[in-house]
Amino acid sequence: MKNRKGWADLYAFEVTRAEQTPLFHQLYQQLRSAILSRRLRPGTKLPSTRELASQLGVSRSAAVAAYEQLFAEGYTSSRHGSGTYISSDLPEPIDGNAPRRKKPVAGATSNAAKMQSIGDFVDVTVQSDERPFNLGRTLVDDRTVELWRKLNARAIRSLSASHLGYSDPRGTIELRKTICDYLQAARAVRCDPEQIVVTTGTQHAIDLVIRVLPGPEREVWVEDPGYPLTRQALIAAGAKVLPVPVDGQGIDVGAGIRSAPNARAVFVTPSHQFPTGVVLSMARRLELLAWAREKGAWIVEDDYASEFRYGGRPLASLQGLDEGERVIYIGTLNKALFPGLRMGYAVVPRALLRAFVAARYLMDRQPSTLSQAVVAAFMEEGHFAAHIRRMRLLYRDQRDVLVAALKNRLGADVTVDAPDQGMHLVAYTRRGLSDIAIERSGRQHGVIVRAMSRLHVAAAPRSALVLGFSGYPRQTIIPTVERLAQVIEGQPKPSPRAPARLRTPQGE
């Protein structure tokens with residue numbers, strides 16, 4: 001029988017009910033390890049889920065769940081009527097035993113950026129606009145509100161000595177242990193509590209990264225299109241920002257290497273690229289890790305909406321594949337809970353940890369111990385997981401309502417698909433409509449949409465609308481789509497000889 005040698009490796013797997021790790025996850029982890037180490041070669045046909053389950057003595061549902069996760073993350077492909085195969089486009093394995101570079105990490109740098117100009121390209125009022133369909137909106141139901149009140153009251157009643165003085169700049173050990181356990185279980189992150197640094201959110205973490213990365217004379221890759229505040233923070237700090245195009249597989253690593261092979265860092269959103277929503281393919285992930293290891297570069301993984309995946313289990317992090325500690329992993333609780341919380345985290349490679357903690361200390365000394373106590377209790381007592389489950393169902397419903405309304409009312413003007421993850425969707429415009437004109441006119445009619453063409457830097461822009469769907473009750477979505485339809489229907493049709501202009505002059 002073909003590929004029998006590879007199958008023998010599968011049947012040698014050990015899964016046990018004595019472990020706390022679910023059987024499907026044990027099987028998934030061992031399959032992933034065999035694929036990455038090349039014990040299972042690209043193109044190898046896997047046994048059926050029924051046969052594998054029978055050989056290992058597990059339920060077929062466990063085998064199916066493991067296969068589904070591997071497929072979602074790009075390790076395998078499915079051929080109709082033929083079966084499941086190891087993806088053939090995975091690059092050569094990364095040598096986990098290769099000696100690590102001993103290059104000393106430079107101290108925290110202080111790039112005296114020309115901050116006087118930052119107000120020219122950062123509109124600090126945009127994010128606070130609560131009108132549909134602005135981005136980053138969240139909902140907190142009555143159950144979470146009541147629990148939050150009780151936990152806050154408990155923390156204040158206790159008011160132990162730990163809350164009355166200075167504490168660890170990284171955050172309390174209780175919260176760091178809780179975050180570490182959560183990331184290991186939910187995102188397959190490789191970490192220990194010592195590597196966790198509590199921040200006020202993603203922007204704070206990115207600012208800390210910019211302060212500690214060595215070599216101000218070298219380039220930094222960013223996704224194009226990408227998250228504008230990351231690029232703007234880098235520009236404000238004086239970095240040489242290199243936009244790298246994004247396609248259907250995520251950031252084009254090859255293009256980045258050709259343009260700036262010796263860049264010192266890359267900022268990516270691999271699990272749900274902002275704004276397009278594409279997932280960084282497994283081949284690109286391994287290519288990116290190999291480049292970072294070879295060049296001694298750093299990968300900053302912004303995992304901004306990992307909790308909200310609607311089409312299966314959360315995808316494993318890029319950091320979890322990293323054998324060389326080249327990935328700085330960034331996450332936030334402000335989107336998982338509510339923006340007013342102001343709490344996030346970074347998982348910092350040991351080589352950068354001392355500089356990172358020093359920068360965090362110099363910035364604002366430490367996070368609030370009272371807030372950390374509340375969050376730690378909320379997570380440890382199981383309320384966080386329950387809240388995420390409820391919000392995931394709610395946001396999925398809001399996504400579906402918005403997609404249906406857009407298709408029903410604007411099917412001739414936009415193309416939209418329901419994203420598998422995240423808190424926003426992209427509606428690509430048709431018939432030459434200008435997303436910038438729609439954005440501007442929509443605001444005047446009480447509708448907030450983002451023009452995606454503004455988020456391109458060097459790549460050819462596409463006219464599309466970025467709409468947040470999370471945090472908006474069902475009853476507000478359909479009337480707002482109606483107002484958006486009126487805005488779009490009122491747009492002039494471009495002349496065939498004068499295509500719609502997607503870019504605007506600087507400052508417009």
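The values are calculated or read from the model by the stated rules, or taken from the named source; none is laboratory data. Quick caveat, the model's predicted, so the values are computed rather than measured. FYI the Cβ positions are ideal-geometry reconstructions off the backbone, even for glycines, and counts take in every protein chain you see. In case anyone asks, the SASA skips ligands and DNA or RNA and just uses the protein heavy atoms, side chains included. Shrake-Rupley method; radii C 1.70, N 1.55, O 1.52, S 1.80 Å.
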- Task: Can you work out which of the residues in segment 51-91 that are open to solvent by 50 Å² or more (accessible area, probe 1.4 Å), among the charged types (D, E, K, R) and touching a residue at least 12 places away in the same chain (Cβ under 8 Å) is nearest to residue 24 (Cα to Cα)?
- Result: 68
- Any idea how many residues of segment 407-427 are in contact (Cβ under 8 Å) with a residue 60 or more places away in the chain, open to solvent by less than 50 Å² (accessible area, probe 1.4 Å) and more than 21 Å from the chain's Cα centre (by Cα)? 3
- Out of 171, 254, report the one residue that is farther than 20 Å from residue 319 by Cβ and of a type in the set (Gly, Ala, Ser). 254
- Message: Restricting to segment 182-235, give me the number of residues that are open to solvent by less than 50 Å² (accessible area, probe 1.4 Å), among the polar types (S, T, N, Q) and in contact with a helix residue (DSSP H, G or I) (Cβ under 7 Å, 6 or more places away or on another chain).
- Response: 3
- Query: In segment 30-41, which residues are touching a helix residue (DSSP H, G or I) at 6+ places or on another chain (Cβ under 9 Å) and either surrounded by 15 or more Cβ atoms within 10 Å (Cβ to Cβ) or within 24 Å of residue 17 (Cβ to Cβ) (or both)?
  - Reply: 30, 31, 32, 34, 35, 36, 39, 40
- Message: If residue 447 meets every condition in (1) under 21 Å from the mean Cα position of the chain (by Cα); (2) not in a helix (DSSP H, G or I) apart from one, which number is that one?
- Response: (1)
- Task: Give the residues of segment 365-404 that are touching a residue at least 40 places away in the same chain (Cβ under 8 Å), under 16 Å from residue 198 (Cβ atoms) and in a helix (DSSP H, G or I), sorted by residue number.
- Result: 369, 370, 372, 373, 374, 375, 376, 377, 378, 379, 380, 384
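Restricting to segment 322-334, count the residues that are of a type outside the set (Asp, Glu) and at pLDDT below 95.
Here the count works out to 1.
Residue by residue, here is whether (1) farther than 29 Å from residue 281 by Cα; (2) touching a helix residue (DSSP H, G or I) at 6+ places or on another chain (Cβ under 8 Å); (3) surrounded by fewer than 17 Cβ atoms within 10 Å (Cβ to Cβ); (4) polar (S, T, N, Q) holds:
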{"position": "291", "(1), (2), (3), (4)": "no, yes, no, no"}
{"position": "310", "(1), (2), (3), (4)": "no, yes, yes, no"}
{"position": "334", "(1), (2), (3), (4)": "no, yes, no, yes"}
{"position": "338", "(1), (2), (3), (4)": "yes, no, no, no"}
{"position": "355", "(1), (2), (3), (4)": "yes, yes, no, no"}
{"position": "375", "(1), (2), (3), (4)": "yes, yes, no, no"}
{"position": "391", "(1), (2), (3), (4)": "no, no, no, no"}
{"position": "405", "(1), (2), (3), (4)": "yes, yes, no, no"}
- Picked from segment 314-332 (must be assigned to a helix (DSSP H, G or I) and open to solvent by 10 Å² or more (accessible area, probe 1.4 Å)), the residue nearest to residue 186 (Cα to Cα) is 319
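Suppose we keep only residues that are open to solvent by 10 Å² or more (accessible area, probe 1.4 Å) and in contact (Cβ under 8 Å) with a residue 24 or more places away in the chain within segment 293-302. Which one would you say is nearest to residue 334 (Cα to Cα)? Don't jump to the end; show me each part of the working.
Step one: of segment 293-302, the residues open to solvent by 10 Å² or more (accessible area, probe 1.4 Å) are 293-296, 298, 302.
After this cut, where a residue has to be in contact (Cβ under 8 Å) with a residue 24 or more places away in the chain as well, the list is 293, 295-296, 298, 302.
Working: 293: 32, 295: 34, 296: 32, 298: 25, 302: 13 Å.
My answer is 302.
In segment 269-281, what count of residues is obtained for those that are within 13 Å of residue 317 (Cβ to Cβ) and surrounded by fewer than 23 Cβ atoms within 10 Å (Cβ to Cβ)?
1
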- Query: Just for segment 151-170: of the residues that are of a type in the set (Ser, Thr, Tyr) and surrounded by 11 or more Cβ atoms within 10 Å (Cβ to Cβ), which one is modelled with the lowest pLDDT?
  - Reply: 162
- Query: Going through segment 463-487 one residue at a time, which ones are more than 15 Å from residue 131 (Cβ to Cβ) and touching a Ser or Thr at 6+ places or on another chain (Cβ under 8 Å)?
  - Reply: 463, 464
